[in-house]
């Protein structure tokens, strides 16, 4: 089966194992959101590096901690998405929920680190 026959054009009535090609405005908005997601991840990484530098006092430990947490987050997210990705119908909503969880953890990190420095 050729790729062209498996793709339904917008407005067509074909339903046999075809997917709808989103319009260009949707693709542009989605690309912008993915770009902003990656940019915010880099901003979080730099900020956490600076905060951990204050906590540890040595930048090598701070960098190692930030990179280890970042890579662990990528691994956990990839593993989770790989396990449930095929069963999810509304993938963009799941992605949005993941972004909200990242934002909550980013906003809660300074409070948690301050509590750890005080000794809870």
Being touching a residue at least 12 places away in the same chain (Cβ under 8 Å), touching a strand residue (DSSP E or B) at 6+ places or on another chain (Cβ under 8 Å) and not in a helix (DSSP H, G or I), is that true of even one residue in the range 22-34? no
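Just the residues that are surrounded by 12 or more Cβ atoms within 10 Å (Cβ to Cβ) and either farther than 20 Å from residue 115 by Cβ or touching a residue at least 24 places away in the same chain (Cβ under 8 Å) (or both), please, taken from the range 53-69. Even if it seems obvious, please write down each step before you answer.
As a first pass, look at the range 53-69 and keep what is surrounded by 12 or more Cβ atoms within 10 Å (Cβ to Cβ): 53, 55-56, 59, 61-67, 69.
Selection gives 55, 59, 63, 64, 67.
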Residues located in the range 85-94, provided they are surrounded by fewer than 11 Cβ atoms within 10 Å (Cβ to Cβ) and farther than 17 Å from residue 22 by Cβ: 86, 87
Could you pull out the residue among 48, 79, 94 that is in contact (Cβ under 8 Å) with a residue 24 or more places away in the chain, under 17 Å from the mean Cα position of the chain (by Cα) and either in a helix (DSSP H, G or I) or over 20 Å from residue 117 (Cα atoms) (or both)? 48
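A short reminder: the numbers here are calculations on the coordinates, not readings from a lab. What you see is a predicted model, and the numbers here were worked out from it, not measured in a lab. Ideal geometry is used to build each Cβ from the backbone, glycine not excepted, and the neighbour counts take in all protein chains shown.
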